[in-house]
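I have placed the structure first, in the form of structure tokens, so that the comments after it can refer back to it.
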Amino acid sequence: MNRRQFLSVAPAVGLLAACAKAGKIRLALNWKPDPQFGGFYATPYRGHDLDVEILPGGAGTPTVQMVGAGSAEFGIVSADELVVARSMGNDVVALFAVFQNCPQGIMVHASRNLASIGDVLKEGTVALQRGLPYARILERKYGFGNVKVVPSPAGDISAFLNDKKFAQQCFIMSEPLTAKHQGADVKVFPVADTGYNPYTTVLAVSGENLRKNPDAAKRMTAAVRHGWRLYLDDPKPTNLTMHTLNPSMSDAAFAEVAEAQKPFIETTETSTQGLGAMSRSRWETLIAQLKELGDIKNSPAPEDCFRNL
């Protein structure tokens, strides 16, 4: 799966308050229906007095701009793109973080017996989207002088399977599972090992909508938390629903990914703070990293980036 940042501008069409009066709230996803969105599809919105339409996305869906512009009342974004957007004047606020630990990683052949990401960058070929923040952190920390860096193959693992010294960025619950099914013995180094660990699959709303209708935001957050609890406890019914919407993914794959992603969603923090909870310190660290990389000129206040409702 390809998880990229897009900041294209979307047209403005209405506000949450107006939408709430009309009875319809739009939730824009940044990818096709799959287990990373399972809790959103499992959510009993009607039981929380919400009428929600889920808008599936794909590569290039500019959800952070859609939310800021009002063409969707809620949207799924990543924490780093939200910080960049806020630094550019887009008043978007995070409400619920599904993935507490970043599900991106670097996949290598286990036979290489590598011990760290630093070892990956000592020889061979590495497929990376060099514009991503963590790729630039890797380049600053280790340098790319000893490896051949090629563009990310966007989920295609054919080059990886044909070259034992080929490593590639991956979504930990996607390419590694595919590779294992095709007979490869893989090892994955999480991006979080670099110290870069943004929240991902984050439910966001515009600051204006949050101020105008805080009750809707609270009900939406509570509903989503309920939905994710349901999905984590029993993903089967929701997987069947999502499979009809995304038949390119097999029933077995839905089940396998749903199980594999659990440790990234339920953590020590969520056991005490609740599913989706976020901390000021994590946002503060992320903002400092993006500032150091030059991705933002103006640093937004950490407490303005999120709300734990």
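The values are calculated or read from the model by the stated rules, or taken from the named source; none is laboratory data. In this text, all values refer to a predicted model and were calculated from it rather than measured experimentally. Glycine also receives a Cβ, built like all others from the backbone with ideal geometry; neighbour counts cover every protein chain displayed.
Some points to look at:
- All conditions but one from (1) in the same structural domain as Leu293 (by TED's automatic domain parsing); (2) in contact (Cβ under 8 Å) with a residue 24 or more places away in the chain apply to Arg112; the one that does not is (1).
- Scanning segment 37-66 for residues that are touching a helix residue (DSSP H, G or I) at 6+ places or on another chain (Cβ under 8 Å), part of a helix (DSSP H, G or I) and surrounded by 20 or more Cβ atoms within 10 Å (Cβ to Cβ) yields Phe37, Gly38, Gly39, Phe40, Tyr41, Ala42, Tyr45, Val64, Gln65.
- Long-range neighbours under 9 Å by Cβ, at least six apart or interchain, first residue free of Cβ contacts under 8 Å to residues at least 40 places away in the same chain within segment 156-175, second β-branched (Val, Ile, Thr) and not in a helix (DSSP H, G or I): Ala159/Thr125; Ala159/Val150; Asp163/Thr125
- Against the list (1) within 26 Å of Val120 (Cβ to Cβ); (2) touching a residue at least 40 places away in the same chain (Cβ under 8 Å); (3) outside any loop (DSSP other than H, G, I, E, B), the condition Lys180 fails is (2).
- Of all residues in segment 109-128, those satisfying the criterion of being of a type in the set (Val, Ile, Thr) and closer than 17 Å to Ser158 by Cα are Thr125, Val126.
- Residue identified as within 21 Å of the chain's Cα centre (by Cα), surrounded by fewer than 21 Cβ atoms within 10 Å (Cβ to Cβ) and not charged (D, E, K, R) among Pro198, Pro190: Pro190
- Of all the listed residues (Ala127, Ala159), the sole one being under 21 Å from Lys187 (Cα atoms), in the same structural domain as His181 (by TED's automatic domain parsing), small (Gly, Ala, Ser) and buried (at least 22 other Cβ atoms within 10 Å of the Cβ) is Ala127.
- Test set (1) over 24 Å from Ala260 (Cβ atoms); (2) in contact with a helix residue (DSSP H, G or I) (Cβ under 7 Å, 6 or more places away or on another chain) - Asp185 fails condition number: (1)
- If only residues of segment 95-129 that are over 18 Å from the mean Cα position of the chain (by Cα) and part of a loop (DSSP other than H, G, I, E, B) are counted, the one that is nearest to His226 (Cα to Cα) is Ser116.
- Residue that is modelled with the highest pLDDT [pool: residues in segment 130-143 that are in a loop (DSSP other than H, G, I, E, B) and out of contact with any helix residue (DSSP H, G or I) (no Cβ under 8 Å at 6 or more places or on another chain)]: Gly143
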